[in-house]
Amino acid sequence: MIQIANVSKSYGSFDVLKDCSTTVNKGEVIVVCGPSGSGKSTLIKCVNGLEPFQSGQIIVNGTSVGDPKTNLSKLRAHVGMVFQHFELFPHMSITENLAIAQIKVLKRNRDEAVDKGLKLLDRVGLKAHAHKFPGQLSGGQQQRVAIARALAMDPICMLFDEPTSALDPEMINEVLDVMTELAQEGMTMMCVTHEMGFAKRVANRVIFMDHGRIVEDDSKDAFFANPRSERAQQFLAKILHH
């Protein structure tokens, strides 16, 4: 589903990504973790063309992301993205937020888009809030709306960029529960997250990054039981200790 081959990206002389390679198969859940500034978010933003990269290749479901001829808007319509901050339109109701991209990008008629949006809102447990505006919902609720909005586009895979890091601790589980359900239904997912409990429960593989490099790319069991690099051992000792 996603092939990342020798991808490098720099800002001037600063290397953000260095020769990163991995593959994500259909139905796999990959958790990307590592210290702050290690390149995790940049890597998944490169997958749907939100960040350009200087060298290497990324292919998503047969489409080359870095090819100048690729229609990135069309690609992004099929690659769901959920950000740290919910990026909902504050002046639109939840129903409108769920319908607008379906209407504008997928050319669905309004009734069909609203119907699909409401079904997905129900799925994330928020149907009763359809008429409200984002500011009337808690952070956890807004993030669940953002996931429903991404799903409304019928994505072939989902990218999550630290989806719980802006939330109060009590709201984190309600978002992780929705993500866990998606994983169990076979959605292909790349998740940048520090939620190691989620990684242990749901991930097929864990990618550990440091200084722009993929240091480890291993099955979840191998990564948690016996990380090979000293850097990953230090990271896990700190994060699991808490």
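The values are calculated or read from the model by the stated rules, or taken from the named source; none is laboratory data. The structure displayed is predicted, hence computed values, not measured ones. Cβ placement follows ideal geometry from the backbone for every residue including glycine, while neighbour counts extend to all protein chains displayed.
Here are some notes:
- Check on GLY140, without any contact (Cβ under 8 Å) to a residue 60 or more places away in the chain and either under 30 Å from GLY34 (Cβ atoms) or surrounded by 19 or more Cβ atoms within 10 Å (Cβ to Cβ) (or both): yes
- Strands (runs of 3 or more DSSP E) within region 134-242 that include 1 or more residues acidic (Asp, Glu), over 27 Å from LEU120 (Cβ atoms) and touching a His at 6+ places or on another chain (Cβ under 9 Å): none
- Considering residues of region 193-232 that are among the basic types (Lys, Arg) and more than 16 Å from the chain's Cα centre (by Cα) only, the residue farthest from VAL7 (Cα to Cα): ARG201
- So ALA199, is it surrounded by 19 or more Cβ atoms within 10 Å (Cβ to Cβ), at pLDDT below 95 and not acidic (Asp, Glu): yes
- Unmet requirement for MET153, which otherwise passes all of (1) surrounded by fewer than 22 Cβ atoms within 10 Å (Cβ to Cβ); (2) more than 21 Å from ASN61 (Cα to Cα); (3) touching a Gly at 6+ places or on another chain (Cβ under 7 Å): (2)
- MET190 being in contact with a helix residue (DSSP H, G or I) (Cβ under 8 Å, 6 or more places away or on another chain), closer than 23 Å to GLN3 by Cβ and surrounded by 16 or more Cβ atoms within 10 Å (Cβ to Cβ): yes
- Filtering region 5-33 to residues that are of a type in the set (D, E, K, R) and either part of a strand (DSSP E or B) or in contact with a Gly (Cβ under 6 Å, 6 or more places away or on another chain) (or both) leaves LYS9, ASP15, LYS18, ASP19.
- Helices (runs of 4 or more DSSP H) enclosed by region 34-123 - at least 1 residues per element that are touching a Gly at 6+ places or on another chain (Cβ under 6 Å), at pLDDT 95 or above and surrounded by 14 or more Cβ atoms within 10 Å (Cβ to Cβ): 40-47, 94-104
- Taking each residue of region 37-51 that is under 11 Å from VAL16 (Cα atoms) and looking for partners that are of a type in the set (Phe, Trp, Tyr) and surrounded by 22 or more Cβ atoms within 10 Å (Cβ to Cβ) with beta-carbon atoms closer than 8 Å, six or more apart or interchain, yields nothing.
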